[in-house]
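No value in this document is a laboratory result; all are computed from the given coordinates. Since we're looking at a predicted model, the values are computed, not measured. No Cβ is skipped: glycine too gets one built from the backbone with ideal geometry, and neighbour counts run over all protein chains shown.
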Amino acid sequence: MTTTAADVLVPVDEERHRAAAAEFLPRMTVLIGAEEHEHGSDGEFEHVNAATGRVQARVPLAGADEVDRAVEAARAASAVWRGWRPDERRNVLLRLAGLIRRQTESIAQVLTLECGSPITGSRAMPGRAADYLEYYAGLADKLEGRVVPIFPEKAFDYTLPEPYGVIGVISTWNGGISSVARKAGAALAAGNTVVVKPMELAPFSSLIFGRLALEAGFPEGVVNIVPGAVAAGEALVAHPGVDKLSFTGGIDAARAILVGAARNITPVVLELGGKSGNLVFPDADLDAAGLFAGGVCMRNSGQGCVMPTRLLVHEDVHDEVLERAVRAIGAMPLGDPLDPRTQIGPVVSRPHAERILRLIREADEEEAGRRILGGGRVGDKGLRDGHFVEPTVFDGVDPRSAIARTEVFGPVLTVTAFRDEAEAVALANDTPYGLAGYVHTRDLQRAHRVAASLDAGYVSVNGFAALPAAAPFGGFRDSGYGKEGGREGIAEFLRSKNVYVPIG
């Protein structure tokens, strides 16, 4: 069994992190309308740098009182924002996108400090946020109804697309400003106002979004930011002044949200987790498939809902693909997320690291598979104080085991062999989730056939492409329902009204 999970370790430079926090982390407040409040009714959260294990900021936690005032501000602003001409909404969204693009580097530093994402990945996130804002700005003045044919009746019947009103946005920690822009951009373009509740683990980039929205010229109260924990989330979900909710997170939280939203019959968009199968067939480019299997799974320490965490590989090429995957993982520098060399950073928090390690231990105890890489903390000098978990690989994994069916949300890859296409598809679909699927083959017919057979909202063939803003994203079953991105994403925040007018 291999115990070293990376050939290159990058020690954490604590002084660099302290200096970056002092320069880039915003002073945390609760943003309601244009007013910033330094204290929250749910107390205060000590934000810990994932790489150093040290407290780097204190975050005021909004409670029911702040949520109530934020919803009130959003409702007051709703009539104003809805009354803006569509081209005016378009232009202010474009200004917000431009402000974010101009601050790419400082926002990237914030994203790395708030959750430990390697800086190279963080530098792509502000651009992604701006992409969504620009895309939805382009749709803001193109929201059209239709004429309903009722000939020969002497009447005129038509539809109007209208905003819901106030949208409650509950974002998770790994999406940062990109996730907020994808949700809020669509809601704002449709004419809604928003109350955004970022998780206490990663609140900084969301507050930057709110401040830049005011700078761009959004009316006060259109964008409100209420960082908080459970109390804020429960208050937002149950608030009668919220007309729709958009949530990204885990299945347990989603179930609680659905229960809370049921009282007011508040509709909900859910973007949840995944346990995505990565199917490699014998005719695939094995070098590319192996690099993909190892490299993509470990990005951001495996903390992504669409990661290909289950490698399902044909038995004839199992050994070759696995060897390449392990080699790819070992070649990924692990360590300081502010160092541009680093490809694998820490996980977001100590409790999250402990959960990942517990799932690994349980898989060992249950003999769910043979662990061939990693499995513990990274205890080397310069890394031991952070939340670093070794990239871990299990081979010969029983598809019925917990490690094969639980979303670990960490640097853990499971490997299972299959005999033929039918078994591959059956294994891929044998999960409660339905977010993503990956297919590696040179056979175009097989690619289309398998893609159609996978019970997943997103399927990628021979690679991993970042979805453009125009593409819809969202899963099935325990991966949630509703879509983000594309025209489908803005449709989530519009409701259709029918108007009937007799004319004779």
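Structural remarks
- Amide H contacts of Leu61 (H built 1.01 Å from N, in plane; Pro and chain starts excluded): Gly40, Asp42, Gly43, Glu44, Phe45 sit under 5 Å, all sequence-distant by 5 or more or on other chains.
- Cα-based shape type of the chain, given that a ≥ b ≥ c are square roots of the gyration tensor eigenvalues and the cut on a/c is 1.5: oblate
- Local electrostatic count, Val180, Cβ distance below 12 Å [Lys/Arg +1, Asp/Glu -1]: +3
- For segment 1-84, GluC sites (Glu not before Pro) meeting the loop criterion (DSSP other than H, G, I, E, B) and having at most 14 other Cβ atoms within 10 Å: Glu38.
- Number of Lys pairs (Cα under 15 Å; 8 or more positions apart or on different chains) in the chain: 5
- Given R0 = 41 Å, the distance between the Cβ atoms of Glu320 and Tyr481 translates into a calculated FRET efficiency of 0.60.
- Other-chain or far-sequence residues with amide H under 5 Å of Val389's (modelled H): Val347, Val378
- Counting Lys and Arg as +1 and Asp and Glu as -1 over every other residue whose Cβ lies under 12 Å from the Cβ of Val313, the net charge comes to -4.
- Measuring r between the beta carbons of Ala22 and Lys154 and using R0 = 51 Å, the FRET efficiency lands at 0.10.
- At R0 = 35 Å, FRET efficiency that the Cβ-Cβ distance of Ile265 and Arg350 yields, to 0.05: 0.35
- Segment 1-139: C-alpha gyration tensor shape, a/c 1.5 cut-off, then a/b vs b/c: oblate
- Net length gained if the chain between Asp430 and Tyr500 were fully extended (0.36 nm per residue, minus Cα distance): 20.4 nm
- Cβ-placed point charges (K, R +1; D, E -1), dipole of the chain about Cα centre in debye, nearest 20: 1080
- For segment 291-300, backbone phi angles converted through the Karplus equation (6.51, -1.76, 1.60; θ = phi - 60°) give residue-by-residue couplings of 4, 5, 4, x, x, 6, 4, 9, 4, 6 Hz, Gly and Pro being listed as x.
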